1. Could you order 174, 98 by accessible surface area, starting with the largest, using a probe radius of 1.4 Å?
2. Would you mind checking which residues have amide H under 5 Å from residue 162's amide H? H placed 1.01 Å from N; only 5 or more apart, or other chain.
3. Note down the nm distance, to one decimal, between modelled labels 7 Å out along Cα→Cβ at residue 74 and at residue 148.
4. May I ask you to evaluate 6.51 cos²θ - 1.76 cosθ + 1.60, the Karplus curve with θ = phi - 60°, for each residue of segment 61-73 and list the ³J(HN,Hα) values in order in whole Hz, giving x for glycine and proline?
5. What residues have an amide H closer than 5 Å to that of residue 118, excluding those fewer than 5 places away on the same chain, when H is modeled at 1.01 Å from N in the peptide plane?
6. Would you mind calculating the gained length between residue 169 and residue 133 on full extension (0.36 nm times residue separation, minus the Cα-Cα distance), in nm to one decimal?
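The values are calculated or read from the model by the stated rules, or taken from the named source; none is laboratory data. None of the values given here were measured: they were computed from a predicted structure. Virtual Cβ from ideal backbone geometry, glycine too; neighbours counted across all protein chains shown. Quick note on the areas: whole protein, heavy atoms, side chains included, nothing else; ligands and nucleic acids left out. Shrake-Rupley method; radii C 1.70, N 1.55, O 1.52, S 1.80 Å.
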Amino acid sequence: MKNLLSGLLNRPHSRIGISGLTAFARLAAGACGCATLFGGSLHAQSKQPLDWAKARDVAANGNVRTEIAAAKPMLQQLSTMAQPLGAVRPSTGNSLYTKSIILFDGETHTLIPIGAVLHLPENLRNRVITKPQGNFTYWPNFLKRNATWLGTKEVPLKMARGDTKLAEDVLRETSGSNRLLVSVYRECPISVLEAPRR
């Protein structure tokens, strides 16, 4: 046993870790019947085996029958659980829709963060709506569907954090576009923060 352990530890490039040593120690202690290995005690067999007669909680036959008789039938339970909510509805005041800009193409809509529109021509103002209409689609699909009137402008992260010098340059560059332009960072819409006022 001693030779086996020293052989494992002295092997070049040995990948035996602490958990491997612990498992090996338990195996060695069980094989030789000793209680102590490496100066520490292994307590695997220190507890008395469980008394299975006391451990099992067996219900008497009569108790089970009375519990079954007192329970409602499954159909009655399901009909109780399937009641409509009635007038109580969850609040929509704290949803993603209230914290986003909704873009609509006549059939589908998508969401972008507030502050992500860099340029909005007058003739495209009807593409920004206040309540969702049509089916929802994710931003990449919406952008592909509407590439004729919708575009993106990759912005540096410094601009998104409120750098006024970068913002002036980008806004000057995008002001002549005939498309609705959304600020993106790594192809995902991102809010452009206003610079703090002094």
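1. Greatest to least solvent exposure: 98, 174.
2. Under 5 Å from the amide H of residue 162: 193.
3. Between residue 74 and residue 148, the simple spin-label model gives 5.6 nm.
4. 4, x, 5, 5, 5, 5, 5, 5, 5, 6, 6, 6, x
5. Amide H neighbours of residue 118, under 5 Å, 5+ apart: 181, 182, 183.
6. 9.5 nm
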